[in-house]
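Have a look at the structure below, then the notes.
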Amino acid sequence: MKEKYSSLRWDEVFNYQVTEVPVKVVSKLMVLVACTMLPLLASAQGRIAVVNLEEAILQTDFAQQRLAEFEENEDFKADREEFESLRTELEKLAQDFQRDQAAMSEDQKVAARQKVASKNADLEYVGKKLQSMQQQNAQLVFQELAPKAREVLRDIIATEQIGLLLQQQTVIHADLGYSITAKVTDKLNQLPAEG
């Protein structure tokens, strides 16, 4: 009986070696081939990049010049001066209130708080107006340069062999090496100026 047991055991070992080893070798070869093919497949697809097109456009020399010209506009300058004046008045009112608060009656405190609140509301209104004017101007510059930027983007996509291009704002994380925003700005700056 011991012989039968030992011969069965040898049969198991022999069968294991004969049937199982080629399967392991083949599976290892398949894994090795797959690992070597992945980079080739990835490069065939093209590289991945991100771009912030708005930033690329607004950082161009042309856009910076247009934005500076806008800020020299009389209406914008007048609103900015009004904003600065209101901010100075508000700071003075707040300092006066802090200094004189102990000597004020309740009615005077209420009147002073109302005056501060009124100045603060005026300041917020003018600030929002300035911000809105700046955003509208930036949007106009963006719309003006967007067609050129799309052409430049197509060129960069072709020359850099980009297979996937994402808006930088929608990406959770991307190293700077993935960003082509500066390249787009540089190419836009290289375009001839239109008179």
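Details
- Sites matching GluC sites (Glu not before Pro) across the stretch 45-141 that sit in DSSP coil, with at most 13 neighbouring C-beta atoms within 10 Å: E72
- Which of L58, L166 has the fewest Cβ neighbours within 10 Å, and the rest in rising order: L166, L58
- For the stretch 46-190, the number of Lys pairs separated by eight or more positions or lying on different chains, with C-alpha atoms closer than 17 Å, is 10.
- Couplings 3J(HN,Hα) for the stretch 146-154, derived from phi with the Karplus relation 6.51 cos²θ - 1.76 cosθ + 1.60 (θ = phi - 60°), are 4, x, 5, 5, 5, 4, 4, 4, 4 Hz, where x marks Gly and Pro.
- Modelled label positions at Q64 and A111, each set 7 Å beyond Cα in the direction of Cβ, lie 5.2 nm from each other.
- In order through the stretch 87-100: 3J(HN,Hα) via Karplus (6.51 cos²θ - 1.76 cosθ + 1.60), integer Hz, x for Gly, Pro: 5, 5, 4, 5, 4, 5, 4, 5, 5, 4, 5, 4, 5, 9
- When I48, I157 are arranged by Cβ crowding within 10 Å, least crowded first, meaning fewest neighbours, the order is I48, I157.
Bear in mind that the values in this text are calculations on the coordinates, not laboratory data. Just so it is clear, the structure is predicted and the values come from calculations on it, not from any experiment. Reconstructed Cβ throughout: ideal geometry from the backbone, glycine too, with neighbour counts over all protein chains shown.
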